[in-house]
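S.K.: Here it is, the structure, as structure tokens.
Computed from the coordinates by the stated procedures, all read-outs in this text should not be read as laboratory data. Keep in mind it's a predicted model, so treat the numbers as computed, not measured.
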Amino acid sequence: EMNMKEVGRELGESSRLSYSLKTYGTENLPCGDLSGDEVIVVEGRADVVNMIKQGVKNVICMNGVRLPETIKELSKEKTVTLFVDGDRGGKLIIKNVTDNANIAYIAIAPEGKEVEELTSKEILMALRRRVTLKELAEMESKGRRF
């Protein structure tokens, strides 16, 4: 049973979130604040919502596994970090997106976890450990996990 104070806090949080959740581009992709030089691309809307909730605002989602034109265009003018879930799906997305857009860095959620369920600490750790495509390829050729 939530008391009124908690209800108020919940409402405050969700209204703050919906205020900072925007859409961008012809595909109306859910996003946060894309005004800076660096943008983090995630898979889905729930990932964007969680990232904003955890304090990371410069985020936009693909809204699925196919790469939207909007992200291709963004990747021409901004430094893009692709942030994927720590599962097989994440690996496939890396392949698909990096073949078709200019991705500067790859960040991967901890093994078996999804971006939408990460804590702010886990998000920051994953972003701090981001690597270039070349570094990722080298790690994989040595059989090392990210």
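S.K.: Whole-Å semi-axes of the chain's equivalent ellipsoid, largest first, each the root of 5 times a Cα gyration tensor eigenvalue?
M.R.: Details: eigenvalues 153, 69, 29 Å².
Calculated on Cα positions only, the semi-axes equal 28, 19, 12 Å.
S.K.: Compute the Kirkwood hydrodynamic radius of region 56-98, taking the inverse of the mean of 1/r over all pairs of distinct Cα atoms, and give it in Å to one decimal. Intermediate results must be reported in sequence, preceding the final value.
M.R.: Numbers: mean 1/r = 0.0899 Å⁻¹.
Across region 56-98, the inverse of the average 1/r is 11.1 Å.
S.K.: Between region 51-65 and region 76-92, how many Å separate their Cα centres?
M.R.: Centre-to-centre (Cα) distance: 11 Å.
S.K.: Could you tell me what fraction of 2.2 N^0.38 Å the Cα radius of gyration of region 52-131 comes to, as a two-decimal ratio? Working shown, then result.
M.R.: Values: Rg = 12.0 Å, N = 80, 2.2 N^0.38 = 11.6 Å.
Scaled against compact globular proteins, the figure is 1.03.
S.K.: Indicate, rounded to the nearest 5 percent, the antiparallel portion of the DSSP beta bridges found entirely in the chain. It would help to have the intermediate numbers written out before the result.
M.R.: Numbers: 5 of 16 bridges.
Taking every DSSP beta bridge with both residues in the chain, the antiparallel ones total about 30 percent.
S.K.: Please compare each pair in Lys57/Lys121; Lys72/Lys121; Lys91/Lys113 to a cut-off of 19 Å on the Cα-Cα distance and tell me which ones are over it.
M.R.: Working: Lys57/Lys121 15 Å; Lys72/Lys121 29 Å; Lys91/Lys113 13 Å.
Where the Cα-Cα span goes over 19 Å, the pairs concerned are Lys72/Lys121.
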